[in-house]
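Okay, so here's the structure we're looking at.
The values are calculated or read from the model by the stated rules, or taken from the named source; none is laboratory data. Keep in mind that what you see is a predicted model, and the values were worked out from it rather than measured. Here the Cβ is made from the backbone with ideal geometry for all residues, glycine too, and neighbour counts use every protein chain on show. All accessible areas refer to the heavy atoms of the entire protein, side chains included, with ligands and DNA or RNA removed. Shrake-Rupley method; radii C 1.70, N 1.55, O 1.52, S 1.80 Å.
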Amino acid sequence: MKRLQPLIMLLVALGISGCDPQSRGFSLPPGDVEQGEQVFMNMQCLSCHTMEGYERPENTEDLSIALGGKVKSIKTYGELVTSVIHPSHKLAKGYDMSKIQTEGGESVMPVYNNVMTVSELVDLVTFLESKYELEVYDATDYSIRH
Ligand code: HEC
């Protein structure tokens, strides 16, 4: 365990500074929020997802995974891209696992990689990103002591 410590420290440092060597140099061109909204509607993401301000279609799946809204830690662009092009990479937390994954442990979310163009993906992720808001909480003020 002792010998692992420097490695763990290094991984933590890399994680915090965000310079993961695996993703260095990764950059997608800027996207268009409105076009992205169009992709979001066309691909019927709302059949399994909910998003504030958007009506769900009638034939929804028995799933309502919230996208966007106030979150405690913001989803990075990279995480959102990964969620769309590789849904099983890391399954969303806090849901009934038997509903969100198949027996083989894969995400039940379809993989759109063969139906979505790269431009559509870029616009979609730009749209999604614009929908997340960091929840700012009031930290308890311990400085006033009586
Ligand atoms: C058949 C149902 C289904 C459809 C359709 C679907 N998803 Fe999902 N999606 C899921 C499930 C289940 C999860 C949670 C498991 C996971 O993380 O893959 C998920 C997770 C996600 C996440 C990660 C959420 C989080 O909080 O970590 C994003 C982002 C996402 N989906 C975007 C989309 C977009 C964009 C579309 C449309 C192009 C879409 N999904 C279509 C079922 C679906």
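The phi-based Karplus calculation (6.51 cos²θ - 1.76 cosθ + 1.60; θ = phi - 60°) puts the 3J(HN,Hα) values of the stretch 61-68 at 6, 7, 9, 9, 8, 6, 10, x Hz, whole numbers, x for Gly and Pro.
The phi torsions of the stretch 69-82, fed into the Karplus equation with coefficients 6.51, -1.76 and 1.60 and a -60° offset, translate into couplings of x, 7, 10, 6, 9, 5, 6, 7, 3, x, 5, 5, 4, 4 Hz, rounded to whole numbers, with Gly and Pro shown as x.
Would you list, by chain and number, the aspartates and glutamates whose Cα falls below 14 Å from the Cα of Lys90, excluding same-chain residues fewer than 8 positions away? By straight Cα distance, Lys90 reaches Glu79, Glu106. Entry comment: accessible area of the stretch 29-134 is 66 Å² per residue, from protein heavy atoms only and a probe of 1.4 Å.
Legend: distances between Cα atoms for Lys72/Lys99; Lys70/Lys131; Lys72/Lys131; Lys99/Lys131; pairs beyond 19 Å are Lys72/Lys99; Lys99/Lys131.
When Asp138, Asp32 are compared by accessible area of protein heavy atoms, the largest-first order is Asp138, Asp32, using a 1.4 Å probe. In this structure the amide hydrogen of Gly69, modeled in the peptide plane, comes within under 5 Å of the amide hydrogens of Tyr132, Glu133, none closer than 5 places in sequence on its chain.
Near the amide H of Gln101, within less than 5 Å, lie the amide hydrogens of Val108, all on another chain or at least 5 residues away, with H placed in the peptide plane. Geometric descriptor of the stretch 29-134, per residue, is 107 Å³ (volume of the convex hull of the Cα atoms). Assuming charge only on the beta carbon of Lys and Arg (+1) and of Asp and Glu (-1), the dipole of the stretch 46-146 about its Cα centre is about 360 debye to the nearest 20.
Each residue was assigned an accessible area with a 1.4 Å probe, and for Leu128 the value is about 10 Å². The HN-Hα couplings worked out from phi for the stretch 45-55 by the Karplus form 6.51 cos²θ - 1.76 cosθ + 1.60 (θ = phi - 60°) are 4, 6, 6, 10, 10, 10, 8, 4, x, 10, 6 Hz, whole numbers, x standing for Gly and Pro. For His49, the amide hydrogen comes within under 5 Å of the amide hydrogens of Ile65, counting only partners 5 or more places away or on other chains and with H modelled in the peptide plane.
Taking all protein chains as they are arranged and a probe of 1.4 Å, the heavy atoms of Ile85 leave approximately 70 Å² accessible to solvent.
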